[in-house]
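The next block holds one structure in the form of structure tokens; read it before the comments.
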Amino acid sequence: MASKKKSKSKKGGGGKLTRSEIVQVRLDPKLKFAAELAARKQRRTLSSFIEWVVDQAIKKEPLSIDPQNHLTIFEAAESVWDLNDAIRFVLLARKLPSLLTYEEELIWKLICETQVYWRYSEYMEDGIRIEDGDLAYMNLDVLKEEFDSFKKVISGDIDENQLHKILMEKQKELEPPF
């Protein structure tokens, strides 16, 4: 008689990594019904179908109405994507400034005017870097640490003077790059 081995099986199907972000969407009942039918046709869940539709749309939608600029929204997103939200924000502000919200424009202005984020002050003019693109002149380590503080200033959770005190302390900790 063969002995039966007890096998341990995990419940829940895996680790805590999430594959995608959760977004709540309001749909007209008729549109939702049509989307459910389309999802059934493709043998997908409704959320999988919506994700696919959005993916298809951003890969086709031009970023600009200028016919000379053939960059799609997907390509633009790829050009500024970074896992770190502070770096992603800086890339967006440098490469696609017209897509910043008003609050993001305020954050970017505050960053540009805060010298602790710039390694070389001689490359500055009126608080804004002269050259485009290269982030080598930014002190990204400090920005990554304090990016949430900038958001708090804009939302009114902390005063700009408090932010400057925090940044002055950071500046004292920093050693010159050379």
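The values are calculated or read from the model by the stated rules, or taken from the named source; none is laboratory data. Small disclaimer: the values here were computed from a predicted structure and weren't measured. Cβ: placed from backbone, ideal geometry, glycine included. Neighbour counts: every protein chain shown.
The test for being over 20 Å from the mean Cα position of the chain (by Cα), of a type in the set (Asp, Glu) and either assigned to a helix (DSSP H, G or I) or modelled with pLDDT under 95 (or both) holds for ASP66.
Scanning region 1-38 for residues that are under 29 Å from the mean Cα position of the chain (by Cα), modelled with pLDDT of 55 or more and of a type in the set (Gly, Ala, Ser) yields SER20, ALA35.
Scanning region 69-86 for residues that are modelled with pLDDT of 90 or more and of a type in the set (A, V, I, L, M) returns ILE73, ALA76, ALA77, VAL80, LEU83, ALA86. Only a single criterion out of (1) in contact with a strand residue (DSSP E or B) (Cβ under 7 Å, 6 or more places away or on another chain); (2) modelled with pLDDT of 75 or more is not satisfied by ILE107, namely (1).
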